[in-house]
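Written out below as structure tokens is the structure these notes cover.
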Amino acid sequence: MSALGVSPPRSDADAKLRGEAVFGADLVRPGMLWASLVRSPVAAGQISAIDARPALEIDGVLDVLTSADVPDWRTGVIVSDAPFLAADYVAYEGEPIAIVVADNRSAAEAGASAVAADIEPIEPISTPEQALAPGARLVHPGWNRFAVAGGADVGRDGNVVAEVVHHPGDLDAAFAKADLVVEGTYRTPRQYQAHLEPKMALATYESGRYTIEVSHQYPFRLRDRVAQMLGVTPSAVRVVGHHIGGGFGAKLDVGLEAFAALLAQRYRRPVRMQHSALEERLVAPCRANALVSVRSAVRRDGTILATEVETVSDSGAYANNGPALSAIPMFVFGSIYRVGTARIRTRNVYTNTSPTGAYRGVNGPWLVFANERHMDAIADALGLDRREFRLSSLAQDGHLMRNGQPLEQVSILHEAFERVDELAPWRDVVSRDAGPEQAGGGELRGVGMAAAIWLTNPMPGHATVKLNEDGTATVITSATENGSGAVATALRQIAAESLGLAADQVLVTMPDTDATGYDAGSQGSRTTHVVGRAIADASADVRGQVLDRASQMLEAAPEDLVITDGVVTVAGVPAASLTLGQVAQAATWTQGPIAAGASYATPTPPHDPMCATGMLIKGWPTPTYHLHQAEVSVDPVTGRVTVDRYVVCQEVGRAIHPDAIAGQIQGGVAQGLGFALSERVDLDHGRYVQRTFKEHGLPLAADVPKVEMVVMEHADPAGPYGAKGAAEPPVVPVAAAVANAVADAIGAPIDTLPITPEAVLDALERSR
């Protein structure tokens, strides 16, 4: 029986169900110290003095460190703009300005609250619009002294962290030929990852090396970032991973770890740090708030002659991943639809707010929201059916994206339109929505759809597979189980399939940067595709070693041997067999253990390297195709939106573990619905307004419908048994599909998120 296409239990299920799994937040070490950060209470200001005396008077507080006690250089993922501790200027509320070290957590937190900081507030740059206004104050007056990794030109200028510009054609000539020009402006807020386990770190120091135990999505980046911050070589830092209580992108970069490591060296004792609930919210690397303006030149038959796109996203006080993510609009606009010539300009800007970062689907949800709302706007302006307009505009196989990369499988998206229509016929819904209930003052009903393309993150992965002497196998990798099940299910199944084992006979280690090859972490749906490919290659090598050794023991040619259910048998001679354990034991004591390692990184697809300026991400590897359709009811009296039906058609390459894919689709839709309808992360003069989950507006179980799913499988030749990415894309089209449905229901545009009852009532009032 194949180990693929079935849904065996997760390897971590029992421990998590019984409460026995050890998460980072559970870690305790004898003799450890606790530390807490003192954070700026203002969004922008000049530090004139920090008085540690009130904290030092608290029983249990041992020390208070300020910028004078820590490294004085700036670091960052791409732009080195962030200080270890703010010395004279604070750029956002929550920025660390001091560290309190104590014997216990309560003393550390009390000490942090007691430190007196004299900070003269400065009027903050609170929004991207303010940052880009003529004569705006510079968030970082010394921005041009910040080093950029590799000396890359990312288009920095004043408050602009990064700028990407694509302008290949004569836009004015195309617009001059248009029958109609359709314009739209689309606004989206920040979105908080809302993971359950707060960020933490436990650090020790011994023999010149730092060991950091943590719940983290990307141990090797953490290793390198801590080394950068401390000014040591990466090999001086070891990162050991534990179970992760959620991350969704929030645990991809450094947090508390460098502080804990510095203190462990200073005091020669283990040091533990952990965010409070408020800290977690104040400094979370939220999905960026953004503004997108789109202008299209169209003919009356629906042909799009040209498109002009301007995007502005909020980096917050520091660059983080902003320079890299600024390339993503290039892969959303003009990818699945034919849009003629296009000008795309995207800017990521500094503000005096908490730095933004990665959240499942990174920039995708707000970019697809703008793109798909605009497609509806064009169809409405031309009086065309919104589904038929999309179909007539869909690209064909071989279509070139704006970066010059050919899309070889856009026909999959054509199939998706057919598959969704078989399950939930568009014309049936449209005709029903046009019925008398729409005019009778009752609930308003609408339907919307959104299509998208999404990548499978390519970055490198490594795994070692070894056959144990009892016939089981162990996969040694620093790939992290972030909740998707990629490690707890799919990676085990891939090794099991290659070795003729059941999935429960394959073990997977916890991450350890000392014991494994480089892995780029749990991000971008890459684990099953990239690490799975490495495991498939390593397992093939192990299988070859098994057959070679068994052929000697059974006196048969390797090509005459089969491996089934952990047994090597001579084909057609069932009695001539050996267990994998017998083969492994024989090999161990004669030629050495059977093991193999392999690495994989997705090659960059063909593209035009000169397609744009400032572009760090050049290609869109291993694309997957998606179509979502939503049906909603809107109460015209209260403005409340109810999602009545939600259909997803998702292409995954090969469904290694179908239940895990279904879980990711359901979860992604839930997060997308929160972004679309209810979640609030508002800023007031640079400071977050919502500070608890009570105010946040996360969707509850009653708010999320059962998602109907169509999973399409089109094997990718490079993937392990054809698998592509599956976990990240389900969140990407949701806000667009729901907004299109709500706009259809109320007969008025919905171009700003979230779609709260107040927003619906305002839209209805404007449409009267």
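The values are calculated or read from the model by the stated rules, or taken from the named source; none is laboratory data. Note that the structure is predicted; figures quoted are calculated from it, not measured. Ideal geometry is used to build each Cβ from the backbone, glycine not excepted, and the neighbour counts take in all protein chains shown. Note: accessible area is taken over every heavy atom of the protein model, side chains too, but ligands, DNA and RNA are not part of it. Shrake-Rupley method; radii C 1.70, N 1.55, O 1.52, S 1.80 Å.
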Return yes when R156 is closer than 21 Å to G316 by Cβ, open to solvent by less than 80 Å² (accessible area, probe 1.4 Å) and among the charged types (D, E, K, R) and no when it is not.
yes
For strands (runs of 3 or more DSSP E) lying entirely in the range 174-216, having 2 or more residues that are polar (S, T, N, Q) picks out 180-188
Flagged in the range 488-523 as on the phi > 0 side of the Ramachandran plot and open to solvent by 10 Å² or more (accessible area, probe 1.4 Å), in numbering order, are G500
Note on the range 704-754: residues of a type in the set (A, V, I, L, M), under 30 Å from R654 (Cα atoms) and part of a helix (DSSP H, G or I) are V731, V734, A735, A736, A737, V738
Taking A162 as the residue in question, decide whether it is touching a helix residue (DSSP H, G or I) at 6+ places or on another chain (Cβ under 6 Å) and either part of a helix (DSSP H, G or I) or not polar (S, T, N, Q) (or both). yes
Filtering the range 182-224 down to residues that are farther than 30 Å from T303 by Cα and more than 25 Å from the chain's Cα centre (by Cα) yields A203, T204, Y205, E206, S207, G208, R209, Y210, T211
Exactly one of V292, V332 is within 26 Å of A174 (Cα to Cα) and under 17 Å from the mean Cα position of the chain (by Cα), and that residue is V332
Inside the range 174-191, the number of residues satisfying the requirement of being under 19 Å from R343 (Cβ atoms) and open to solvent by 40 Å² or more (accessible area, probe 1.4 Å) is 6
In the range 304-334, residues that are at pLDDT 95 or above, closer than 21 Å to T185 by Cα and not in a strand (DSSP E or B) total 9
If we keep only residues of the range 101-125 that are touching a Phe, Trp or Tyr at 6+ places or on another chain (Cβ under 6 Å) and not in a strand (DSSP E or B), then the residue farthest from R137 (Cα to Cα) is N104
Original post:
Is the range 606-615 home to any residue that is closer than 30 Å to M709 by Cα, within 25 Å of the chain's Cα centre (by Cα) and among the aliphatic types (A, V, I, L, M)?
Top reply: no
Looking across the range 186-213 at residues that are touching a residue at least 24 places away in the same chain (Cβ under 8 Å) and of a type in the set (S, T, N, Q), the single one that is nearest to L33 (Cα to Cα) is T204
Reported set for the range 261-273 where residues are open to solvent by less than 30 Å² (accessible area, probe 1.4 Å) and either of a type in the set (A, V, I, L, M, F, W, C) or in contact with a Ser or Thr (Cβ under 9 Å, 6 or more places away or on another chain) (or both) is A261, L262, L263, A264, P270, V271, M273
Across the range 67-89, the tally of residues that are small (G, A, S) and more than 31 Å from the chain's Cα centre (by Cα) stands at 3
